[in-house]
1. Inspect the stretch A:22-36 for any residue being within 15 Å of the chain's Cα centre (by Cα) and either among the aromatic types (F, W, Y) or within 14 Å of chain B (Cβ to nearest Cβ) (or both) and give the result as yes or no.
2. Conditions: (1) within 14 Å of chain B (Cβ to nearest Cβ); (2) touching a residue at least 24 places away in the same chain (Cβ under 8 Å); (3) surrounded by fewer than 11 Cβ atoms within 10 Å (Cβ to Cβ). A:W8 meets all but one. Number of the miss?
3. Restricting the stretch B:181-198 to residues that are touching a strand residue (DSSP E or B) at 6+ places or on another chain (Cβ under 6 Å) and of a type in the set (A, V, I, L, M, F, W, C), which is nearest to B:A142 (Cα to Cα)?
4. Pairs, please: C-beta under 6 Å, at least 6 apart or cross-chain, first residue in contact (Cβ under 8 Å) with a residue 24 or more places away in the chain and in the stretch B:10-39, second surrounded by 20 or more Cβ atoms within 10 Å (Cβ to Cβ) and of a type in the set (A, V, I, L, M)?
5. Check A:V67, A:V76 and return the single one that is among the aliphatic types (A, V, I, L, M), over 11 Å from the mean Cα position of the chain (by Cα), away from chain B (no Cβ under 14 Å) and within 16 Å of the ligand (Cβ to nearest atom).
6. Among the residues of the stretch A:25-43, are any in contact with a Phe, Trp or Tyr (Cβ under 7 Å, 6 or more places away or on another chain) and β-branched (V, I, T)?
7. From the list A:T82, A:T15, pick out the single residue that is at pLDDT below 95, within 30 Å of B:W91 (Cβ to Cβ), within 16 Å of the ligand (Cβ to nearest atom) and within 14 Å of chain B (Cβ to nearest Cβ).
8. Kindly indicate whether any position in the stretch B:95-111 is within 14 Å of another protein chain (Cβ to nearest Cβ) and either in a helix (DSSP H, G or I) or touching a helix residue (DSSP H, G or I) at 6+ places or on another chain (Cβ under 8 Å) (or both).
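The values are calculated or read from the model by the stated rules, or taken from the named source; none is laboratory data. Please read all numbers here as calculations on a predicted model, not as lab measurements. FYI the Cβ positions are ideal-geometry reconstructions off the backbone, even for glycines, and counts take in every protein chain you see.
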Amino acid sequence: MMLLPCPWCGPRNATEFRYGGATGARPDPVSATPQQWREYLYTQTNPLGWSREGWYHRAGCRRYITVERHTGTNEVRSALDTATEDG
Amino acid sequence: MSDTHGTAPGPLARGALEPRVAATRSGWVVDARRSVADLVLSDESPLAKVLVKGPVTGAPGSVLGTSSGRAARTEVGGGTALVVGSGPGEWLVVGPVGTAAATVAAIERTVSGRPEFVSLIDLTHGRALMRLTGSRAPSVLAKVCAVDVEDAVVPNGGAFRSSVATVVTDVVRDDRDGTPSFLLHCERSTGQFLSEALLDAGEEYGIETTTLVGLVPEG
Ligand SMILES: [Zn+2]
């Protein structure tokens, strides 16, 4: 079982969350080319190591959280509310 | 309520548990049979349920006086209600049977004039509510919920939302005379499933179904 430390609810089973994928800088919608949008939407780096990703706590507080997780060990070094950046 | 055996106009609503002895009350089919078992499950779906949403810190919290993760009784509109801080910026107000409209109106009056946006929805017929009471109630929940509900983690008046028997459920600890008691609130379409899962988990402790308890013990 993988635990995620929700800043609102405390440690919870990862099955309570929906994985939102790695988060990164969003291209400017005015100037971005279709190729840049495609890479932003569909191309993931899929690292073995630290990853910054979004999770939605659907069975708990129903907030979006941003988590720094090591994809090899599932160690979490930070978990913040995405909207307020509070932990 | 006075219409325990009366008939209400309109369709009859059914709760999450099959009544052993059916009676009607304010348009709901309820169980008239009272169990004296040590561990009981009652369908509380007829109670008024109102969802209040607003800023995490703001009018609803200061008016209702309850923060996320806590539950307390407050006078609201139609009488004594249990106000549950069910999430960040989200409150579930549980009131006596038939008081939903009065509760919505009363909260509307107290938050009107405030600058922030507050929404109020009567969830009564959209959600199922049940109550699990008994010294073994924490043991029953331990089988179907990953959150530890023992005193040190969830004391009386504590509330949280999590998965209970795979159903997203608001759990509110609301003890009766020192006996552990939990209100469980979920989407109405999953209410019967959740009640059957709880009856199955409680079978080894001799669980029985009983009549509606309400917010205050009724004679
Ligand atoms: Zn949460």
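1. no
2. The one condition A:W8 does not meet is (3).
3. B:L198
4. Pairs that qualify, where the first residue is in contact (Cβ under 8 Å) with a residue 24 or more places away in the chain and the partner is surrounded by 20 or more Cβ atoms within 10 Å (Cβ to Cβ) and of a type in the set (A, V, I, L, M), are B:A16/B:A128; B:A16/B:M130; B:S26/B:V97; B:V30/B:L212; B:L39/B:I207.
5. A:V76
6. No, the stretch A:25-43 contains no residue that is in contact with a Phe, Trp or Tyr (Cβ under 7 Å, 6 or more places away or on another chain) and β-branched (V, I, T).
7. On the way: A:T15 fails: at pLDDT below 95.
One residue alone meets the criteria, A:T82.
8. Looking through the stretch B:95-111, none of the residues is within 14 Å of another protein chain (Cβ to nearest Cβ) and either in a helix (DSSP H, G or I) or touching a helix residue (DSSP H, G or I) at 6+ places or on another chain (Cβ under 8 Å) (or both).
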